[in-house]
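This report concerns only the one structure given below.
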Amino acid sequence: MLPLTSLFLTGCADSANKRAEFGADADDVTIASRVKAALLQDIYVGGFGIDVQSHGGHVRLGGFVPDKDQRRHLEAIARSVQGVESVENNIHVREGKNPKSRGFRESFP
């Protein structure tokens, strides 16, 4: 009876860990979606293609903007979103009339 009990308890622990991981992933998606929505709603951001990634409340921004003020503004928006613990701003300043995002895709460690 004891081996069966330990197997059952181990199975429950694994299931709880998987639910916790799924919950964390869902939170990351929610945070990234909130940041992206806040960026899209801002009149100064407009059509800038800003990439947003989130992992454990830590947000990473990427893309291109025309000046440093825009870069700081985007970071401030991201920091203001509920659930964001920190922001890594990897947005680059590019001179020109029509900056576009260039496939910013780095994975979290």
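The values are calculated or read from the model by the stated rules, or taken from the named source; none is laboratory data. Quick caveat, the model's predicted, so the values are computed rather than measured. Virtual Cβ from ideal backbone geometry, glycine too; neighbours counted across all protein chains shown.
Considered as a group, the residues in the range 89-109 that are among the hydrophobic types (A, V, I, L, M, F, W, C) and part of a loop (DSSP other than H, G, I, E, B) include one that is modelled with the lowest pLDDT, and that residue is F104. Applying the selection to the range 23-66, what residues are under 11 Å from I91 (Cβ atoms) and among the charged types (D, E, K, R)? Of everything in the range 23-66, those that are under 11 Å from I91 (Cβ atoms) and among the charged types (D, E, K, R) turn out to be D51, R60. The residues of the range 41-64 that are modelled with pLDDT under 90 and either surrounded by 15 or more Cβ atoms within 10 Å (Cβ to Cβ) or of a type in the set (G, A, S) (or both), listed by number, are V45, G46, G47, F48, G49.
I'd like the residue in the range 56-88 that is of a type in the set (A, V, I, L, M) and in a helix (DSSP H, G or I) and, out of all such residues, is nearest to V35 (Cα to Cα). Within the range 56-88, the match that is nearest to V35 (Cα to Cα) is A78.
For beta carbons closer than 6 Å, sequence separation of 6+ or different chains, a first residue in the range 69-90 that is without any contact (Cβ under 8 Å) to a residue 60 or more places away in the chain and a second that is in a helix (DSSP H, G or I) and not small (G, A, S), the qualifying pairs are I77/L39; A78/V35; V81/R34; V81/V35; G83/I31; V87/E75; V87/R79; N89/E75.
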